[in-house]
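Please find one structure pasted underneath; my questions will follow.
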Amino acid sequence: MSDTVDATNTPGEKSGPVLAADGTPLKRSLRRALRRQKMSALLLIAPLLIFILITFIAPIADMLFRSVENEIVQDTLPRTTAILETWDSESGSIPDAPVFKALYQDIFIAQERKLHTRLGSRLNYELTGASSLFRKSGRGVGDIGEVYQDQFEDMNAFWKKGENWNDILGSDAWLAEIKSWKKSSGQAQPPFELRADIAEILPETAAFYKIFADFTQNEKNSNLYKKDPWELIYSSFYDDLTGANAARIDTYTGPGAAELSEAKTAAASFETVDYKVAFGDIDKDWVKMPIWDTIRAYSPRFTNGYFLNAVDMQKSEDGPELRPENQRIYYTLFMRTLFMSSVITISCILLGYPVGWILANLPARTANLLMILVLLPFWTSLLVRTSAWKVMLQQQGVVNDTLVWLGIVADDSRLALINNQTGTIIAMTHILLPFMILPLYSVMQTIPPSYLRAAKSLGATNWTAFWRVYFPQSVPGIGAGSILVFILSIGYYITPEIVGGTTGTFISNRIAYHISSSLNWGLAAALGAILLAVVLGLYYAYDKIVGIDNVKLGG
Amino acid sequence: MADTSATNAFVEFERVQKSYDGENLVVKDLNLSMPKGEFLTMLGPSGSGKTTCLMMLAGFETATHGDIRLDGKSINNIPPHKRGIGMVFQNYALFPHMTVAENLAFPLEVRKIGKSVREEKVKIALDRVQMGDFGGRRPAQLSGGQQQRVALARALVFEPELVLMDEPLGALDKQLRETLQFEITHLAHELGITVVYVTHDQTEALTMSDRVAVFENGRIQQLAPPDQLYEEPENSFVAQFIGENNTLEGVVKEIKGGTCLVQLDGGGLIEAKPINVTQAGERTRVSIRPERVEFNKDRMPEGAHTLKAEVLEFVYMGDIFRTRLRVAGTDNFIIKTRNAPDQVRLQPGQQIEIGWLAEDCRALDA
């Protein structure tokens, strides 16, 4: 092909790409010509694209990420989870003392930062009682640390003062800066720096003091130099004084060397704390298995726990298992949501099809007038429409009154039409009906009446003509309407909330509950992700069975 | 008007009226009778009531008054699907969700005809319109002409005795239309079916039909074979509507024997054949076909009345020359001459004399 073109266009050349008039390859000049069009098209949609990315896609991605995200356990209890990794949870015995010591350190820092209650409520989703356990422990850890603090302070009042701690642990340069710094000056507080070598002499103390310093300077915004240290510093100080590295303390020559040496000698005879016992005293749950199993199970940064929860399962020793019968709710809710959405979709088809037919076959003027009646509900607030159903359907409502008046229903056995599935189905069918009628109408409008006539002239009865000729051609409208109604209803929230009672609510109501009441966003995100997956799955199935190009919203 | 007393009538309209709104009659007092095997065309401008007549015959519209009979039986109260009339629609109306073969099998299926017979009949019907290889295709994959062939085959596959066609070739280009016109008439005669064909294309009507019914304003203006319709229009509407026609207005001066004298409004006296005029003093429109006008003095028919004319425009059309003249006050007098070696090409501005035979010149209603 290109050879013949070449032969006619450029007689001199035998082969090579087709060239444009100016000698550039034709393909390249075509691309260049189209690039400008593409760019301007992109520019035109850019505002919407950016808007959607920022306000829609990004939040949804973030929300979906929350369904597996589980950093809070590791972030709040970094030391505990690190040591717990080596703990054999199947041994049946609770972890050893080092874990409790790490737990003390973690919870102490967390309660200073007011993060322990958050972790408590996170773990409470998995283990009832975890929330109060952590709240109690937050109050209790102060007492544990005070044992060492009191002993050090009783021994020498030197250890009471924040200045002295800073003199020992801070670098000389930093000390010079902080001493001349005034809060009123408006300048930023010079960031704390550890004295050289002190991390080797008092490793634990230095490490926790650094945390304390950062917290005080950055989060509390108070002058570190004047601040008295946490109880935690005293307990780690004790650990350093009595630990394996204690001999190095004698090499220290900086400020407070004498007091340090004195403390080292005195510490040997200090009263010690058994962290395990101390936590047991705070709450008996700490010396039982469940909390430790839970913490261990939820230490990884990512978890499938929310998803397991969303399908009525839980983590256990032997992998995921079904929850006890009385705790399973989500499977039922998902099934109910799918079932009711199907019923609503089918009701909409049954009610909407004849309306679409009439609209499509009336003269344009009358059809437009009736179309306004179909669209009228759209212009009324959703809340108003739903509340109106409440008035209509209640036991002393219009529908029941009419039925009683007509003698169809006895006065003492009025129908329960609201606060149950019936109510939700009735109200939602009404609300979603236009979404069925509109695509049906626009598809039916494009089916020429001559098809029906042709079928009849060929000998088909009215029914055969409809069923064999008209109906197959209106299927794309049914498909489009059904997808619209089904997907809208599967995620519907307001109407089931108002008229659904307890048996007529959808999964979306549960998601809303977790978002706004229980604040278990992870679970809400997992439920939402499952819902999204179900919708996409159904869409995919529809595409495979009916074909998505068979969906028409209009001509 | 039509001969309603014909005893061998297959399709009959008797005093049929139709109104949609109760105020205006779309079809006024229609009487029509067709023998079996006739190819009848209903021709007329849009809104003349021809399609309404067809729809009443098919059963999709009910007559407001009167009787429609098929093979001697009144079909007024028979629903369309029981009439057994084949129909071809303007937009083909092939069912888009079925293949060509399924489309053809449809009328047989609803008649509960067995599968093997069905397939055989479908094959025969498709072969008949040279579409045998297209059975597995969808209508959308066919060209307009192919779709029309399939539509024709579908209307014929269940062997109806009467086939109605509602402007079936309207959407096709000229050449294809001519081919299909030829095919349709052949098929109709071959199968001996009766056809009622609706069109607004007069060439189509003239070339295809045994008889043509010219509709205007809800009435049949003339029902006649094509040649008669063209050469002997009974009123000025038919004369205007069928073919190109020159009209001169005037007053009848005297009638004697088979001719009359007409004094033209634009000056001049001509001889014409009285058709719708009965007495002197009546106003009339005189109609003369462009190809019957002679301007060559040597070939001028004997005894022809001549008129002075000025050439305004000469158009070369290939096989013929079309010349526009100013005659007796009108600028729209057309003459057509055959493109022959000895033919004169008139020049604009040239002064000539034109004339014709009195019998070619028909004095019609004013």
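Give the residues of the stretch A:211-249 that are touching a residue at least 12 places away in the same chain (Cβ under 8 Å), of a type in the set (D, E, K, R) and in a helix (DSSP H, G or I), sorted by residue number.
A:214, A:219, A:226, A:231, A:239, A:240, A:248
Look through the stretch B:348-365, keep the residues that are in contact (Cβ under 8 Å) with a residue 60 or more places away in the chain and outside any loop (DSSP other than H, G, I, E, B), and return whichever of them is farthest from residue B:276 (Cα to Cα).
Among residues in the stretch B:348-365 that are in contact (Cβ under 8 Å) with a residue 60 or more places away in the chain and outside any loop (DSSP other than H, G, I, E, B), the one farthest from residue B:276 (Cα to Cα) is B:354.
Run residue B:91 past the list (1) at pLDDT 90 or above; (2) within 11 Å of another protein chain (Cβ to nearest Cβ); (3) surrounded by fewer than 22 Cβ atoms within 10 Å (Cβ to Cβ) and report the number of the one that doesn't hold.
Just one mismatch for residue B:91, condition (1).
Name every residue in the stretch A:456-490 that is surrounded by fewer than 20 Cβ atoms within 10 Å (Cβ to Cβ) and either more than 48 Å from the chain's Cα centre (by Cα) or facing chain B (nearest Cβ under 8 Å) (or both), in order of residue number.
Matches in the stretch A:456-490: A:461, A:462, A:463, A:464, A:466, A:468, A:472, A:473.
So, one more: Of the conditions (1) surrounded by fewer than 18 Cβ atoms within 10 Å (Cβ to Cβ); (2) closer than 21 Å to residue B:208 by Cα, residue B:120 satisfies every one except a single condition; which number is it?
Condition (2) is where residue B:120 drops out.
Tell me which residues, restricted to the stretch B:309-330, are farther than 20 Å from residue B:343 by Cα and touching a residue at least 40 places away in the same chain (Cβ under 8 Å).
B:327, B:328, B:329, B:330 - these are the residues of the stretch B:309-330 that are farther than 20 Å from residue B:343 by Cα and touching a residue at least 40 places away in the same chain (Cβ under 8 Å).
Can you tell me which condition residue B:278 does not meet? The list is (1) assigned by the TED database to the domain that holds residue B:342; (2) part of a strand (DSSP E or B), and all the others hold.
Residue B:278 satisfies every listed condition except (2).
Hey, among the residues in the stretch B:70-88 that are more than 9 Å from chain A (Cβ to nearest Cβ) and assigned to a loop (DSSP other than H, G, I, E, B), which one's surrounded by the fewest Cβ atoms within 10 Å (Cβ to Cβ)?
Top of the filtered list is B:77.
Can I ask one more? Yes or no: the stretch A:446-455 includes at least one residue that is within 39 Å of the chain's Cα centre (by Cα), in a helix (DSSP H, G or I), touching a residue at least 60 places away in the same chain (Cβ under 8 Å) and at the interface with chain B (Cβ under 10 Å from one of its Cβ atoms).
Checked against the condition, which is being within 39 Å of the chain's Cα centre (by Cα), in a helix (DSSP H, G or I), touching a residue at least 60 places away in the same chain (Cβ under 8 Å) and at the interface with chain B (Cβ under 10 Å from one of its Cβ atoms), the stretch A:446-455 yields no hits at all.
If you don't mind, there's one more thing I want to ask. Return the only residue of A:431, A:408 being in contact with a helix residue (DSSP H, G or I) (Cβ under 7 Å, 6 or more places away or on another chain) and among the β-branched types (Val, Ile, Thr).
A:431
Here's a follow-up. Looking only at residues that are touching a residue at least 60 places away in the same chain (Cβ under 8 Å), in a strand (DSSP E or B) and of a type in the set (A, V, I, L, M) in the stretch B:40-69, which one is farthest from residue B:197 (Cα to Cα)?
B:43
In the stretch B:35-50, what residues are of a type in the set (Gly, Ala, Ser) and over 16 Å from residue B:229 (Cα atoms)?
Within the stretch B:35-50, B:37, B:46, B:47, B:48, B:49 meet the criteria.
Do you know which residues across the stretch B:96-108 are within 8 Å of another protein chain (Cβ to nearest Cβ) and surrounded by fewer than 22 Cβ atoms within 10 Å (Cβ to Cβ)?
Residues satisfying the conditions are B:96, B:97.
Residues in the stretch A:432-443: is at least one assigned to a helix (DSSP H, G or I), more than 35 Å from the chain's Cα centre (by Cα) and within 14 Å of another protein chain (Cβ to nearest Cβ)?
Within the stretch A:432-443, one or more residues are assigned to a helix (DSSP H, G or I), more than 35 Å from the chain's Cα centre (by Cα) and within 14 Å of another protein chain (Cβ to nearest Cβ).
Still on this structure, I have one more. State whether one or more residues within the stretch B:17-32 are free of Cβ contacts under 8 Å to residues at least 60 places away in the same chain and at positive phi.
yes
Same structure, new question: Return a yes/no flag: does the stretch B:115-127 have any residue that is within 9 Å of chain A (Cβ to nearest Cβ) and in a helix (DSSP H, G or I).
No, the conditions are met nowhere in the stretch B:115-127.
Pick out, from the stretch B:133-241, the helices (runs of 4 or more DSSP H) lying fully within it that include 3 or more residues that are in contact with a helix residue (DSSP H, G or I) (Cβ under 7 Å, 6 or more places away or on another chain), buried (at least 16 other Cβ atoms within 10 Å of the Cβ) and within 14 Å of another protein chain (Cβ to nearest Cβ).
B:144-157
Let me ask something additional. Please go through (1) within 13 Å of chain A (Cβ to nearest Cβ); (2) surrounded by 21 or more Cβ atoms within 10 Å (Cβ to Cβ) for residue B:60 and return the number of the only condition it doesn't satisfy.
The single condition residue B:60 does not satisfy is (2).
Right, another one. In the list A:464, A:422, A:495, which residue meets the criterion of being in the same structural domain as residue A:380 (by TED's automatic domain parsing), in a helix (DSSP H, G or I), β-branched (Val, Ile, Thr) and without any contact (Cβ under 8 Å) to a residue 12 or more places away in the chain?
A:464
Also, quick follow-up: Yes or no: residue A:74 in contact with a Gly (Cβ under 6 Å, 6 or more places away or on another chain) and either of a type in the set (Val, Ile, Thr) or in a helix (DSSP H, G or I) (or both)?
Spelling it out, it is not the case that residue A:74 is in contact with a Gly (Cβ under 6 Å, 6 or more places away or on another chain) and either of a type in the set (Val, Ile, Thr) or in a helix (DSSP H, G or I) (or both).
Further question: So residue A:435 fits all but one of (1) in contact (Cβ under 8 Å) with a residue 40 or more places away in the chain; (2) aromatic (Phe, Trp, Tyr); (3) within 30 Å of residue B:154 (Cβ to Cβ); what number is the exception?
Result: residue A:435 fails condition (3) only.
Being part of a strand (DSSP E or B) and either assigned by the TED database to the domain that holds residue B:228 or in contact with a helix residue (DSSP H, G or I) (Cβ under 8 Å, 6 or more places away or on another chain) (or both), is that true of even one residue in the stretch B:251-260?
yes
Just the residues that are more than 28 Å from residue B:159 (Cα to Cα) and not hydroxyl-bearing (Ser, Thr, Tyr), please, taken from the stretch B:31-48.
Once the filter is applied, which keeps residues that are more than 28 Å from residue B:159 (Cα to Cα) and not hydroxyl-bearing (Ser, Thr, Tyr), the stretch B:31-48 yields B:44, B:45, B:47.
The values are calculated or read from the model by the stated rules, or taken from the named source; none is laboratory data. No experiment lies behind these values; they were computed from the predicted model shown. Quick reminder, even Gly has a Cβ in these numbers, built from the backbone with ideal geometry, and neighbours come from all protein chains shown.
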